[in-house]
1. Considering (1) within 21 Å of TRP82 (Cβ to Cβ); (2) modelled with pLDDT of 90 or more, say which one VAL202 fails and leave the rest.
2. Given GLU65, GLU86, which one is acidic (Asp, Glu), in a helix (DSSP H, G or I) and modelled with pLDDT of 80 or more?
3. If you go through the range 43-62 one residue at a time, do you hit one that is surrounded by 19 or more Cβ atoms within 10 Å (Cβ to Cβ) and within 18 Å of LEU181 (Cα to Cα)?
4. Name the pairs: first residue in the range 220-247 and among the charged types (D, E, K, R), second residue part of a strand (DSSP E or B), Cβ to Cβ under 6 Å, at least 6 apart or on different chains?
5. Before we move on, is VAL215 part of a helix (DSSP H, G or I) and either under 30 Å from SER89 (Cβ atoms) or at pLDDT 85 or above (or both)?
6. For the range 4-32, enumerate the residues that are crowded, with 18+ Cβ neighbours inside 10 Å, of a type outside the set (Ser, Thr, Tyr) and under 18 Å from LEU135 (Cβ atoms).
7. For a quick check of your reading of the model, give me the residue pairs whose first member lies in the range 192-204 and is more than 15 Å from GLU255 (Cβ to Cβ), whose second is surrounded by 12 or more Cβ atoms within 10 Å (Cβ to Cβ) and hydroxyl-bearing (Ser, Thr, Tyr), with beta-carbon atoms closer than 6 Å and at least 6 apart or on different chains.
8. Out of (1) surrounded by fewer than 24 Cβ atoms within 10 Å (Cβ to Cβ); (2) within 15 Å of the chain's Cα centre (by Cα); (3) in contact (Cβ under 8 Å) with a residue 40 or more places away in the chain; (4) under 19 Å from ILE66 (Cβ atoms), what's the single condition that is false for ALA183?
Amino acid sequence: MALAITAIYMVVEAAGGWLTNSLALLADAGHMLTDVAALTLTLTAIWFASRPATAKKTFGYYRLEILAAFVNGIALVLISLWVIYEAYSRWQAPPQIDGLNLTAIATGGLIVNIVAAKLLHHGHHNDLNMRGAWLHVMGDLLGSVTAIVAGVLVFAFGWLWADPVCSVFISLIIIFGAWRLIAASVNVLLEGTPAHIDIAAVESIILETEGVTGVHDLHVWTISSGMEALSAHIRHESSVAQSGLLTLVRDRLNERFGIEHLTIQMESAGSGQETTFVCETGGKCFETARQH
């Protein structure tokens, strides 16, 4: 629904920007064009991510959502830089602008963007892919507000400079939000520790568990938005039951950090066997052993 209404009004704003000679309106139509591409990319990524894992893609296609978020962020920055460049050119030689029609068309764009933003709002907090699409729409929403302000200033006072100035203002806001999206996406793609998880706190939780004597090769990363994974080697006292200790560690990590996909290798001093436990959603754990 968000894609359909955005695509329709994009054509309206592009035509209106050409007729009124408004850069703010053309910039808003340009952002709507990136919205159409972003929403299409988001839907495609969601569809691919829902496909089951295969022998060649053991984690499935979850990462496509992160790639979509990264591409959306780059697109937002590029279109905003283009608008700033055009605004600089217009500042030197402001063209005549139809302020009244500019205001009317921008008001319609604002209504469309409010509806689209509301449709996408529920999923943007915990999903980078959805956040990218939502940021595109919010950028357009702010662009519409700015275009309205520019239209009123041009119509009421004849301030032609208001059009490029408002365009630069909204572009800088969009770049700020897009940069955060790009940084978050790159962190996931580089297997970085999730921003909301303190690796030192994870280590402390494991070491504080009774029976644990050490932990090493500890890694926490994000597979896709809201899906964190952990792997670690845990040394324990040879007298403790490995399965019971594993359950305790798993429950503590899940309760504190919400990590549900864990791969833990249990090691004991003097043991001739390493036991690896892979834990998944729902508390199911699978044990494998290797002699050495």
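1. (1)
2. Checking each option against the conditions leaves just GLU86.
3. Yes, the conditions are met somewhere in the range 43-62.
4. Pairs found: GLU228/THR222; ARG235/THR213; ARG235/GLY214; ARG235/GLU267.
5. The answer is no for VAL215.
6. Within the range 4-32, MET10, ALA27, ASP28, ALA29, GLY30, HIS31, MET32 qualify.
7. Close Cβ pairs (under 6 Å, with a partner that is surrounded by 12 or more Cβ atoms within 10 Å (Cβ to Cβ) and hydroxyl-bearing (Ser, Thr, Tyr)) amount to PRO194/THR222; ILE199/THR193.
8. (3)
The values are calculated or read from the model by the stated rules, or taken from the named source; none is laboratory data. Note that the coordinates shown come from a computational prediction; the quantities given were computed from them, not determined experimentally. Note that each Cβ is placed from the backbone with ideal geometry, even for glycine, and that neighbours are counted across all protein chains shown.
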